[in-house]
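These notes concern the structure reproduced below.
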Amino acid sequence: MEEKSVAKKYILDGKGVLALVGGFLAGSFVMALLNVISMFVFNVNMQYHDYYLLLANAVGFLSAIFAFDYFICRPSTGRKLNFNMSPTNLMTYYLIFPMMFGMMLIGEFITSQIPTTGPFFGEYYQYFSRLMDQMTNDKATLILMAVVMAPLFEEIVFRGIIMKGLINKGTKPKTAIIISAVIFGLVHGNPWQFVGAVLLGSVLGLVYYKTKSLLLPILLHAFNNLCSAILIFYGNTESFADTFKVSEWLILAIGIVLFTTFYILFTKKYRVHYTEN
């Protein structure tokens with residue numbers, strides 16, 4: 001009786017990191033070059049148009065994903081890069097969304113404790129606020145970028161490639177989840193988004209590891225960003241406490257209860273059913 005050959009798996013090492021970073025920079029360079037050509041030939045600076053923001057984001061991430069696929073995944077596995085996007089049973093969704101929401105509230109409280117005034121934090125926060133204000137005022141563009149593109153591209157890179165690549169390399173799952181979450185936080189480029197990104201990235205990594213489906217962290221990521229977008233649209237803030245005029249400590253308490261309860265149910269009490277590629 002012949003034994004089935006074990007399918008080779010891609011790993012994340014120095015070459016993989018170089019492929020991701022190099023691919024992203026190459027895509028960003030192409031977009032910058034196209035904008036320079038547009039300014040000289042058509043006298044149009046595309047950076048002032050919403051479509052450029054969407055296009056630059058897509059090209060950067062797609063270039064990074066393609067570079068990892070072409071230079072790392074295919075040569076090492078003989079197959080193109082692909083991810084399990086299978087849905088799971090309904091009960092799993094009932095557990096992971098409250099768990100995610102609880103961590104969102106915890107993250108909000110911790111973030112609110114980071115200073116926004118002072119000689120260092122004050123100037124940095126003002127710069128960051130101006131940068132965010134300059135991105136786009138168009139609701140459709142913000143929704144498309146934050147709720148559709150960011151969850152899809154970022155989960156492929158941070159959970160699908162980085163986290164899974166580390167686990168395939170032999171890194172302990174818990175360590176891989178933390179590393180991918182910290183990197184996810186660092187790329188946001190500021191301390192206020194860093195905290196939330198690390199906390200939420202840890203939940204996204206846990207869900208991906210336990211369910212084996214990238215669809216679920218994508219949906220959770222989209223849920224988080226949609227909540228933020230709605231708060232910004234109707235309350236001009238990303239804070240649940242400010243929007244609903246309640247204490248930050250109440251937000252923290254609700255967050256701890258929600259996260260702890262559904263974390264225990266998700267990880268200890270309930271068997272998740274999944275199909276792995």
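Miscellaneous remarks
- Whenever a residue of the range 228-255 is within 12 Å of GLU108 (Cβ to Cβ), its partners that are aromatic (Phe, Trp, Tyr), lying with C-beta atoms within less than 6 angstrom and at least six residues away or across chains, give the pairs GLU248/PHE109; ILE251/PHE109; ILE251/PHE240; LEU252/PHE109.
- Qualifying positions in the range 44-73 - surrounded by fewer than 18 Cβ atoms within 10 Å (Cβ to Cβ), more than 22 Å from the chain's Cα centre (by Cα) and in a helix (DSSP H, G or I): GLN47, TYR48, TYR70, PHE71
- Residue in the range 20-27 that is outside the structural domain of PRO191 (by TED's automatic domain parsing), surrounded by 14 or more Cβ atoms within 10 Å (Cβ to Cβ) and more than 20 Å from the chain's Cα centre (by Cα) present: yes
- Residue in the range 163-182 that is of a type in the set (Ser, Thr, Tyr), within 11 Å of the chain's Cα centre (by Cα), in a helix (DSSP H, G or I) and at pLDDT 95 or above present: yes
- Condition broken by PRO119, with the remaining ones in (1) modelled with pLDDT under 95; (2) within 13 Å of VAL207 (Cα to Cα) satisfied: (2)
- Between ALA253, ALA241, the distinction of being of a type in the set (Gly, Ala, Ser), more than 25 Å from GLU155 (Cα to Cα) and surrounded by 16 or more Cβ atoms within 10 Å (Cβ to Cβ) belongs to ALA241 only.
- Here the range 74-91 is the region considered, the condition is being at pLDDT 95 or above and part of a helix (DSSP H, G or I), and the residue that is surrounded by the fewest Cβ atoms within 10 Å (Cβ to Cβ) is PRO75.
- Residue in the range 157-168 that is of a type outside the set (Ser, Thr, Tyr) and farther than 22 Å from ALA64 by Cα present: no
- Flag for SER247 being surrounded by 18 or more Cβ atoms within 10 Å (Cβ to Cβ) and either in the same structural domain as LEU62 (by TED's automatic domain parsing) or of a type in the set (S, T, N, Q) (or both): no
- Residue list for the range 92-128, filter: not in a helix (DSSP H, G or I) and not hydroxyl-bearing (Ser, Thr, Tyr): GLN113, ILE114, PRO115, GLY118, PRO119, PHE120
- Residue check for TYR94: without any contact (Cβ under 8 Å) to a residue 12 or more places away in the chain, loosely packed, with under 15 Cβ neighbours inside 10 Å and assigned by TED's automatic domain parsing to the domain that holds THR237: yes
- Residue list for the range 7-19, filter: over 20 Å from the mean Cα position of the chain (by Cα) and without any contact (Cβ under 8 Å) to a residue 12 or more places away in the chain: GLY14
The values are calculated or read from the model by the stated rules, or taken from the named source; none is laboratory data. This is a predicted model, so every value here is computed, not measured. Glycine also receives a Cβ, built like all others from the backbone with ideal geometry; neighbour counts cover every protein chain displayed.
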